[in-house]
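Chemist: Got a structure here, written out as structure tokens. Questions coming.
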Amino acid sequence: MSKVGAPRHDPVPIGEVARPPFVRLPDPSNLFAARAERFVALAQGHELAPYLRLLAGLSDAQNRIQDDIPDPELPTADFVARARDFGMPPLDRHRFTVDATYAATLDRFLRSAADVAMPDAARAALGRATAAGDAARDAMARAVLADSIPIEALAEHVYVAAALQVHFARLAARLEAATLVPVSDGACPVCGGPPVSTMVVGWHGAHGTRFCACALCGTLWNFVRIKCTLCGSTKGIGYQEIDGGAGTIKAETCDSCRGYVKVLHQHKDPDLDPIADDVATLGLDLLVRELGFRRGGVNPFLLGY
Ligand SMILES: [Zn+2]
Ligand SMILES: [Zn+2]
């Protein structure tokens with residue numbers, strides 16, 4: 001069989017022509033508040049209820065601290081234009097350097113997280129993150145952004161990852177969506193990071209199209225369906241779901257790279273959240289891993305699993 005290129009847009013089996021935007025930038029004034037609510041709803045009767053409630057508390061803290069910190073500063077217009085010309089993300093996570101706004105964000109977040117009910121181990125990790133000096137805090141931020149968190153210190157890095165999400169979402173929200181260009185398959189056009197999961201949306205004018213959700217800055221970017229977000233293959237794509245589930249969340253598996261990323265059918269359930277519902281469907285990860293696929297989505301709240 002000859003190799004065929006990926007179609008630019010999958011046909012949408014409904015009576016409207018879908019014209020999805022390339023990106024939808026995050027709205028940090030709502031992103032974390034909505035996520036906190038979703039975590040609370042998901043915790044009802046869930047076997048991971050205590051952890052989901054802890055994450056609801058941390059998402060709420062991510063929301064609350066924003067009133068209290070200065071606006072983050074974007075790179076210069078020149079820099080953003082040059083990044084665009086070279087097909088580079090304007091807020092490249094690998095070039096991140098700590099500034100006063102991020103330092104304040106982390107500081108406020110750690111203080112705010114102290115008010116969240118949590119088990120002793122999580123509180124001890126929060127204590128270690130809070131006690132860390134500037135150099136150690138910088139090193140933790142770099143480890144999160146390089147996806148190289150030391151296994152023995154996962155818990156304290158969760159707080160740093162949460163603060164980075166707030167910082168990058170606030171930065172991303174200040175960009176012009178129309179100036180963004182694709183950087184590479186499966187990489188966020190704003191920060192260059194991997195998706196946490198993907199969503200088929202029900203937005204007016206874009207119904208049935210898919211978006212990758214950035215694990216760091218919360219940007220959504222359009223990505224065709226039935227194509228691996230990890231290696232770009234359009235062959236050997238399969239779908240797995242938990243028997244007896246709602247049928248709204250599936251793992252898209254790829255025979256080429258043996259990876260998988262979840263697909264959330266938000267057009268069937270508008271409450272689905274790319275981070276919260278990813279954590280709450282850990283059972284699906286365990287199922288797909290048993291079949292020999294490795295997780296491709298990155299979620300700072302699932303690092304221990
Ligand atoms: Zn991003
Ligand atoms: Zn693949």
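Chemist: Kindly report the accessible area of the chain per residue (heavy atoms of protein chains, probe 1.4 Å, no ligands, DNA or RNA), in Å².
Modeler: Normalised by residue count, the accessible surface of the chain is 47 Å².
Chemist: Additional query: Determine the sum of side-chain charges near Ala114: Lys and Arg each +1, Asp and Glu each -1, restricted to other residues whose C-beta is under 14 angstrom from that of Ala114.
Modeler: 0
Chemist: Hey, another quick one. Just tell me which aspartates and glutamates come within less than 12 Å, Cα to Cα, of Lys227; anything on the same chain fewer than 8 places away is out.
Modeler: Cα-Cα hits under 12 Å: Asp10, Asp185, Glu252, Asp255.
Chemist: Scanning the chain for GluC sites (Glu not before Pro) in DSSP loops with at most 14 other Cβ atoms within 10 Å, what's the longest stretch left with none?
Modeler: Looking at the chain, 177-305 is the longest stretch - no exposed GluC sites (Glu not before Pro) with at most 14 other Cβ atoms within 10 Å.
Chemist: Give me the Å³ per residue figure for the convex hull around the C-alpha atoms of region 89-210.
Modeler: It is 146 Å³ per residue.
Chemist: Moving to a separate point now. For region 200-305, what does the alpha-carbon gyration tensor say about shape, rounded, prolate or oblate, given a ≥ b ≥ c as the root eigenvalues, a/c under 1.5 as rounded, and a/b over b/c as prolate?
Modeler: Since a/c stays below 1.5, the shape of region 200-305 is classed as rounded.
Chemist: Using all Cα-Cα distances in region 134-199, what percent lands in each 10 angstrom bin from 0 up to the longest?
Modeler: 18, 45, 30, 8, 0
Chemist: Of the heavy-atom accessible surface of the chain (probe 1.4 angstrom), what whole percent is carbon and sulfur?
Modeler: After summing per-atom areas, the C and S share lands at 53 percent.
Chemist: Quick check for me: using +1 on Lys/Arg Cβ and -1 on Asp/Glu Cβ, what's the dipole size of the chain about its Cα centre, in debye to the nearest 20?
Modeler: That gives the chain a dipole magnitude of about 760 debye.
Chemist: Ok, one more. Within 9 Å, Cβ to Cβ, of Asp271, how many net charges do the neighbouring residues add up to if Lys/Arg are +1 and Asp/Glu are -1?
Modeler: -3
Chemist: Which residues' amide hydrogens lie under 5 Å from the amide hydrogen of Gly259, considering only partners 5 or more residues apart or on another chain, with H built in the peptide plane?
Modeler: Cys254, Arg294
Chemist: Could you tell me the center-to-center distance, by alpha carbons, between region 234-305 and region 23-84 in angstrom?
Modeler: 21 Å
Chemist: Loop-only check: which chymotrypsin sites (Phe, Trp or Tyr not before Pro) in region 18-59 are DSSP coil with at most 15 other Cβ within 10 angstrom?
Modeler: Answer by residue number: Phe22.
Chemist: Once the whole set of protein chains is in place, how much accessible area is left on Leu58, using a 1.4 Å probe, in Å² to the nearest 10?
Modeler: So the heavy atoms of Leu58 present about 0 Å² to solvent.
Chemist: Let me ask something else. Along region 104-117, what does the Karplus equation 6.51 cos²θ - 1.76 cosθ + 1.60 (θ = phi - 60°) give for ³J(HN,Hα), rounded to whole Hz, x for Gly and Pro?
Modeler: Each residue of region 104-117 in turn: 5, 4, 5, 4, 5, 5, 4, 5, 5, 5, 4, 7, 8, 5 Hz.
Chemist: Still on this structure, please answer the following. With N residues in region 35-155, what two-decimal value do you get for its Cα radius of gyration over 2.2 N^0.38 Å?
Modeler: 1.25
Chemist: Same structure, new question: Within region 261-298, list the trypsin sites (Lys or Arg not before Pro) lying in a DSSP loop whose Cβ has at most 15 other Cβ atoms in a 10 Å radius.
Modeler: Passing sites in region 261-298 are Lys268.
Chemist: Now, a different point. Grab the DSSP H runs of the chain that are 4 residues or longer, score each as -39,500 (n - 2.57), total them, divide by all residues and round the 222 nm result to the nearest 500 deg cm²/dmol.
Modeler: Dividing the helical sum by the residues of the chain leaves -11500 deg cm²/dmol.
Chemist: Could you give log10 I(q)/I(0) at q = 0.12, 0.13 Å⁻¹ for the chain, computed by the Debye formula over C-alpha point scatterers of equal weight, without solvent?
Modeler: -0.79, -0.94
Chemist: In whole Hz, what ³J(HN,Hα) sequence does region 173-184 give by Karplus (6.51, -1.76, 1.60; θ = phi - 60°), x for Gly and Pro?
Modeler: Per residue, the Karplus-derived 3J(HN,Hα) values read 5, 8, 7, 9, 4, 5, 8, 8, 10, x, 9, 6 Hz.
The values are calculated or read from the model by the stated rules, or taken from the named source; none is laboratory data. Computed from a predicted model, the values in this text were never measured in an experiment. Quick reminder, even Gly has a Cβ in these numbers, built from the backbone with ideal geometry, and neighbours come from all protein chains shown. Side chains are part of the model used for accessible areas, which takes the heavy atoms of the whole protein and leaves out ligands, DNA and RNA. Shrake-Rupley method; radii C 1.70, N 1.55, O 1.52, S 1.80 Å.
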